[in-house]
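Reading through the structure tokens given below for one structure.
Every number in this text was worked out from the coordinates using simple rules, so none of it is lab data. Please read all numbers here as calculations on a predicted model, not as lab measurements. Please note: Cβ atoms are built from the backbone with ideal geometry, for glycine as well, and neighbour counts cover all protein chains shown.
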Amino acid sequence: MDTEAHLPERGRADSAERRDEWSRFGASTGRYALLVGVAAAVVALVGAFVAQPFEIPSGSMENTLRAGDRVLVNKLAYRFGGEPARGDIVVFDGKGSFVQHSSGTDFVKRVIGVGGDRVTCCDAQGRITVNGHPLDETYLHPGDTPSRVAFDIEVPKGRLWVMGDHRADSRDSRDHLGDPGGGTVPVDQVIGRAEATIWPLGRRRTLGGGHG
């Protein structure tokens, strides 16, 4: 039996309106799902290639960065011909230089010396020197000395000498002098430059280089 044919005119109109509403609802839901999918893809692409939040795992960069801080890492900073500069705070993969295993290998440190630099600790005033010039390390954790470990190294081309700002609580290039690379990190293992602290809200600020 054709039930539609026996409906009153108003009933047929209501039925058609309901079908139209469901059709519009389905189209709207489909568009929403598509937008969500596109947004998720954009976020994934941005995180993979452009910028990514990174949680600070320890106190080795205090007081500049504290454990639990989240920083925004610019992954494009060194992609198009640029290289890390002295004073930059970088996130890098320490596999093969700081660690030999394959998990938990991301580190955040400050660049002290770049390829070709001679980095020495310390001069008569207890300061680290780069190419004979003493560093004014205003970013050091209060009470820390520049280093309790003496070293004199020429950084190979394509590598970096990196140290934490909390020198008394940082395992950095000084601790890997006897490892492959002599404590230096390959530039191509750098994930990106830390640009800003984005969390907690009370610690939001940009991060600049400490010296030239």
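Starting from the Cα of K157, step 7 Å toward the Cβ, then list every residue of the stretch 114-133 with an amide N under 13 Å from that point.
Only 115-117 pass the distance filter.
As a footprinting exposure proxy, order H176, H101 by other Cβ within 10 Å, with the fewest listed first.
Values: H176 18, H101 7.
Listing H176, H101 from fewest to most nearby Cβ atoms yields H101, H176.
In Å, the Kirkwood hydrodynamic radius of the stretch 56-212 over pairs of distinct alpha carbons?
15.6
Could you tell me what fraction of 2.2 N^0.38 Å the Cα radius of gyration of the stretch 61-118 comes to, as a two-decimal ratio? Write down the numbers at each step before the final one.
Values: Rg = 12.8 Å, N = 58, 2.2 N^0.38 = 10.3 Å.
Relative to the rule-of-thumb radius for its length, the stretch 61-118 sits at 1.24.
Ranked highest first by the average count of other Cβ atoms within 10 Å around their residues, in what order do 57-66, 141-150, 121-130 fall?
57-66, 121-130, 141-150
On full extension of the chain, what length is gained from R203 through Q100, given 0.36 nm per residue of separation minus the C-alpha to C-alpha distance?
Taking 0.36 nm per residue and subtracting the Cα distance, the gain is 33.7 nm.
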